[in-house]
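Enquirer: One structure is given below, represented as structure tokens, and several questions about it will come after.
The values are calculated or read from the model by the stated rules, or taken from the named source; none is laboratory data. Owing to the predicted nature of the structure, the values given are computational and were not obtained by experimental measurement. Virtual Cβ from ideal backbone geometry, glycine too; neighbours counted across all protein chains shown. Please note that ligands, DNA and RNA were not included when accessible areas were found on the heavy atoms of the full protein model with its side chains. Shrake-Rupley method; radii C 1.70, N 1.55, O 1.52, S 1.80 Å.
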Amino acid sequence: MKGLNKSQDDKKKTPSASFIIGSIALVFLIIGYQIALFIHHAAVEKIVANHDHPDTVFVCSEAPGGSNQETHDQVRQSKELGSGSNSSKTAPGPSYVRKNSEHSEKAEAIRLANTPRRFESFRFNPNTAGIDDLMRLGFTQKQAKAIDNYRQKGGRFRRKSDFAKSYVVEDSVYRRLEPYIDIPRIDLNAADSATFETLPGIGKYFASKMVSYRKELGGYSYPEQLMDIWHFDQEKYDGLKDLIFINPSATTPYPLWKLPEEQLAKHPYIGKYAAHAIVIFRNNTPPEQWSVEALSKAGILKPENAKKLSRCLIARQE
């Protein structure tokens, strides 16, 4: 009986055939998984390497010259070494430039996901910086595309603080980039109506008025002239005054002392009757006495108009 029981115990300790087959399958599965991981890792490294090290040569010109001369010489010398020919007998050939080859979107996605990110800090305009530049600044591809989608839908960063409010811009990233954010102000004498529409509180109506009033003035001389426009009040001006400027060097002085009566009459601060009086004043007063203050003292200009005109950039009398 003891021998029979021992034999039965040995049978219980011996693994079954199904267990052995399952174990072997599991081992092969683990090995296969490790091989797949290795192949994937190698493929990723290859994609990244293909981007970092161009693998295609393009002919850029038929005749060597300019900045490509050195490249042409190097390619020609390599050909000579390979063929064993004499360099003096080799005729000049086309010049070559190495460039990145084209890769599929999927390969590019893998490259971007696996290439180590290198942060840079440089001056940029968040309204115009491309996706690649945004990624160079430290944003992920997803974050860069979110910023670009916001702009494509009409969004605009008017101030640095607007960029900080974006949900993809982390506080730590903004603190690093804040000194490098460069959002140009709008030149009142150079912008068109579409550019004016990007200002807060300015729609098509006021944008059109800002352009037409600039034409009447002969160019803005100081930003507060915007408040001469009907319903352009102090509150509206305060909301955008830090976003605009006037470049004096690009502003044409108003030729007050040369314009004929018809053109003087179109100026908002002068008008028909004052224009006629100015012409008479010029004809009967020595040029050295011409000034806006003199026009005001002579009663030609109303005090409020004389005050506004005195702040304008006026061409010298000759």
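Enquirer: Please state the shape class of segment 174-317: rounded when a/c is under 1.5, otherwise prolate if a/b exceeds b/c and oblate if not, all from the C-alpha gyration tensor.
Expert: Prolate, since a/c reaches 1.5 and a/b exceeds b/c.
Enquirer: Give the ranking of SER161, SER249 by solvent-accessible surface, highest area first, calculated with a 1.4 Å probe.
Expert: SER249, SER161
Enquirer: In what order, largest first, do ASP233, ASP171 sit by accessible area if the probe radius is 1.4 Å?
Expert: Putting ASP233, ASP171 in descending order of accessible area: ASP171, ASP233.
Enquirer: While we're on this one: Using a Förster distance of 41 angstrom, determine the FRET efficiency expected from the C-beta separation of LYS142 and TYR33, and round it to 0.05.
Expert: The computed FRET efficiency comes out at 0.90.
Enquirer: Label points 7 Å out from Cα along the Cβ direction at ASP132 and GLU293: separation in nm?
Expert: Going by the 7 Å Cα→Cβ label model, 5.9 nm.
Enquirer: Can you compute the modelled spin-label distance between PHE245 and ALA194, with each label point 7 Å from Cα toward Cβ, in nm?
Expert: Result: 2.4 nm between the two label points.
Enquirer: Checking the a/c ratio against 1.5 first, then a/b against b/c, what shape does the Cα gyration tensor give for segment 128-225?
Expert: prolate
Enquirer: Add +1 for every Lys or Arg and -1 for every Asp or Glu among the other residues with Cβ under 11 Å from the Cβ of ILE131, and state the total.
Expert: +1
Enquirer: May I ask you to compute the full-extension gain from ALA109 to ARG156, defined as 0.36 nm times their residue separation minus their alpha-carbon distance, rounded to one decimal in nm?
Expert: 14.2 nm
Enquirer: So how far apart, in nm, are the two label points at GLU170 and SER18 if each is 7 Å from Cα heading toward Cβ?
Expert: 5.2 nm
Enquirer: Can you sort GLU178, GLU216, GLU105 by 1.4 Å-probe accessible area, starting with the largest?
Expert: Output order, biggest surface exposure first: GLU105, GLU216, GLU178.
Enquirer: Given a Förster distance of 45 angstrom, what is the FRET efficiency for SER310 paired with LYS204, based on the Cβ-Cβ distance and rounded to 0.05?
Expert: After rounding, the FRET efficiency stands at 0.85.
Enquirer: Something else: Using only the Cα atoms of segment 247-318, build the gyration tensor, take square roots of its eigenvalues as a ≥ b ≥ c, and label the shape rounded, prolate or oblate: rounded if a/c is under 1.5, else prolate if a/b is larger than b/c, else oblate.
Expert: Because its axes are fairly even, with a/c under 1.5, segment 247-318 counts as rounded.
Enquirer: List every residue whose amide H lies under 5 Å from the amide H of ILE314, counting only residues 5 or more places away in sequence or on a different chain, with H placed 1.01 Å from N in the peptide plane.
Expert: TYR254
Enquirer: What is the extension gain from HIS41 to SER212, computed as 0.36 nm multiplied by their sequence separation minus the C-alpha to C-alpha distance, in nm to one decimal?
Expert: Result: 55.3 nm gained on full extension.
Enquirer: Mind checking the per residue accessible area of segment 118-258 for me, 1.4 Å probe, whole number of Å²?
Expert: For segment 118-258, the per-residue accessible area is 56 Å².
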